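All remarks here apply to the structure that follows.
The values are calculated or read from the model by the stated rules, or taken from the named source; none is laboratory data. A quick note: this is a predicted structure, and the numbers were derived from the prediction, not measured. Using ideal geometry, Cβ is built from the backbone for each residue, glycine included, and neighbour counts are taken over all protein chains shown. With ligands, DNA and RNA removed, areas are computed over all heavy atoms of the protein, side chains included. Shrake-Rupley method; radii C 1.70, N 1.55, O 1.52, S 1.80 Å.
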Amino acid sequence: MNPFLELGIREEVVNAISELGFEKPSEIQEKAIPVLLTGNDDFVGLAQTGTGKTAAFGLPLLEQLDFSQKQPQALVLCPTRELCLQISKDLEKFAKYIDNVHVVAVYGGANISDQLRQIRRGVQIVVATPGRMLDIIGRNAIDFSQVKYVVLDEADEMLNMGFKEDINNILSETPDDKKTWLFSATMPKEVRRIAQNYMTDPFELTVGTKNTGNANIEHNYYLVKARDKYAAFKRIVDSNPDIFGIVFCRTKIETQEIAEALIKDGYNADALHGDLSQQQRDKVMKRYRDRSLQLLIATDVAARGIDVNDVTHVINFSLPDEIENYTHRSGRTARAGKTGVSISLINIKEQSKIRQLEKVIGKTFERKQVPQGPEVVEKQLLTIINKVQNVEVNEEQINPFLPQIMEGFEALSKEEIVKRFASLEFNRFLEYYNNAPDLNIDARGDGRESRDGRDRGERGSRAGSKGYTRLFMNLGAVDEFSRGDMLGFICNNAKISGKSIGKIDMKGVFTFFEVQDEEVNKVFEGFKAVDFNGRQVRIEVSGDSGRSDRGGRSRGGDRGGDRRNSGGYGGGERRDRGGDRRNSGGYGGGRGDRGGNSGGGFRDFSGKRRESKSKY
Ligand code: ADP
Ligand code: MG
């Protein structure tokens, strides 16, 4: 007998999933389905991606709902429109042979009236992203009074994306006696809190070992100065000529920038992030799968669930905010029994994060040295030799040209020819690595890193760095900007790249930020008529700055004006930091280099919430 029938799934559904190639239940399905079929319990299911969670909740839903009714009886919340579409399609496929099953996918970035029309026609299952769902609830366009089941799929990811409030609000619109089923790949504190607040004595199921990474993954890190990160990254790539990697960044701006820089530097790379249309994403993914891209630069959200075989390296260009995401990221390599390497590029302050990661995933990270120029060059050289030795010669096609080729080289010795062919491929590296500096820093801290203003807590801040002008803006942390938000806000309005922005020093009610001298006018231009919550945004050259060419490194900045600025608001800044730490369920303390984003991540700059325009 078909094992799904034995679990209690009806024949029509079993037939449909057989057509999809489901022969026997996965572990989470086998364990969850019997529990969920009773319909009695709240439920928490922890399992890695790709373990078949959709059917684990989807099949029981199909058994429980009354399809002769046309009111929503089940609500599935998930973090992204891709997942929303995926889940609703999967459910429709499972229900192929049941009559009158109506599933609607409700997600942002698409025409809402189509979705409203489908809801009006009658649906039993609503699959939704939180933002759009709230929008529809706000229009009184949906009746949740008959909802019996709410599924929170990829709950960890929804919280990462700042949907906590939205989820609270949506849940409060559903009947008290509904059952809540939560699925997640990981169980950070925030998810646990949801389980505590919204569930009664949930049935908990963990499949596989949670949090422990794959044994085939080697975890390495490189200690570099923040400003050397990109150069160090390139060396690592160059010394792994056969790399087929995914590079993780924290924001889509960073993602875009790294990808652009890599393309400019001659690498086969492209970016995958939340601002791309579905079509663009599919294209990028296809190129990556086909290996016409060697490096995929991605945000956590965009890369969620990417299942490409033979990824050799996962590179954490920036460590994720949440420890849990590290597991997701590194899990993109070493799939199907292969081995893989997960690399993190960190600065001195982030060493404690590595220690915490080690504790959580139960693995030791090995510190590696950024390869020196000559090492990289040697690696490349060997690769070229290898290539020459292994190249397939198409005798038939090349033969007719051989006499001409030979003639052309007549004057050159074998040695000369070899030298010149190697140089063809090789000059780029020779040039680049000529006199390349050592990029490693002393782990004990020689102080140089922390004296470098770029990623230092900005108290006692001073004049702009060399080549930068320090500007003032009348918006700050109290306006609920994280530092990342502020960066985006400046770049979007001034239409300049994030690379042109130096330090951002957010205070309570205003912000100082550095802009490359040549871009300063664009900032003034771009902010000429920008309102934020009805307030005119004001930009000024910071009193202590002036168009700077002051040799920032020489720390000439202890000018009177400067001290005045930083002295008065130090307290405010400390408070912001505290809030940051409280928000992050991430790496305990010490996250001073980033504004907390947990709550307001999806606010766009008009103060409205939006899911299609996220940072990720
Ligand atoms: P998760 O939500 O845990 O990441 P999915 O539900 O998206 O995983 O399933 C991952 C893939 O495995 C999908 O392509 C799905 O069709 C397939 N799948 C799920 N369950 C089974 C099964 N029992 N047998 C074969 N394939 C399955
Ligand atoms: Mg899933």
Next on the checklist: Pairs please, first residue from region 66-86 and free of Cβ contacts under 8 Å to residues at least 60 places away in the same chain, second anywhere and open to solvent by 20 Å² or more (accessible area, probe 1.4 Å), Cβ atoms under 6 Å, 6+ apart in sequence or on different chains.
Outcome noted: Phe67/Asn100; Phe67/Val101; Cys84/Tyr107
Next on the checklist: Tally up the residues in region 343-369 that are outside any loop (DSSP other than H, G, I, E, B), of a type outside the set (A, V, I, L, M) and under 18 Å from His313 (Cα atoms), please.
Outcome noted: 4
Next on the checklist: Against the condition more than 16 Å from ligand 2 (Cβ to nearest atom), modelled with pLDDT of 95 or more and either open to solvent by less than 10 Å² (accessible area, probe 1.4 Å) or within 24 Å of Met133 (Cβ to Cβ) (or both), how does Ile98 come out, does it pass?
Outcome noted: no
Checklist entry - So, in region 196-207, of the ones that are closer than 21 Å to Gly52 by Cα and of a type outside the set (Asp, Glu), which residue ends up most open to solvent (accessible area, probe 1.4 Å)? => result Phe203
Item to check | Cβ-Cβ under 8 Å pairs, at least 6 apart or on other chains, region 44-61 side in contact (Cβ under 8 Å) with a residue 24 or more places away in the chain and part of a strand (DSSP E or B), far side within 9 Å of ligand 2 (Cβ to nearest atom) and open to solvent by 10 Å² or more (accessible area, probe 1.4 Å) | outcome: Gly45/Lys53
Item to check | Hits in region 20-39 (condition: in a helix (DSSP H, G or I), within 11 Å of ligand 1 (Cβ to nearest atom) and out of contact with any strand residue (DSSP E or B) (no Cβ under 8 Å at 6 or more places or on another chain)) | outcome: Glu27, Gln29, Glu30, Ile33
Item to check | Pairs with Cβ under 8 Å, 6+ apart, first in region 168-187 and more than 20 Å from Arg304 (Cβ to Cβ), second within 16 Å of ligand 1 (Cβ to nearest atom) and open to solvent by less than 10 Å² (accessible area, probe 1.4 Å) | outcome: Ile170/Leu77; Lys179/Phe43; Thr180/Phe43; Thr180/Val151; Thr180/Leu152
Item to check | Within region 153-214, helices (runs of 4 or more DSSP H) holding 3 or more residues that are modelled with pLDDT under 90, away from ligand 2 (no atom under 16 Å from the Cβ) and at negative phi | outcome: 189-198
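For (1) in a helix (DSSP H, G or I); (2) at pLDDT 80 or above; (3) under 26 Å from Lys353 (Cβ atoms), each residue gets a yes or a no:
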| position | (1), (2), (3) |
| --- | --- |
| Arg462 | no, no, no |
| Met486 | yes, yes, yes |
| Asp505 | no, yes, yes |
| Val509 | no, no, no |
| Phe513 | no, yes, yes |
Checklist entry - Out of all the residues in region 20-55, which are among the hydroxyl-bearing types (Ser, Thr, Tyr) and within 20 Å of Asn325 (Cα to Cα)? => result Thr49, Thr51
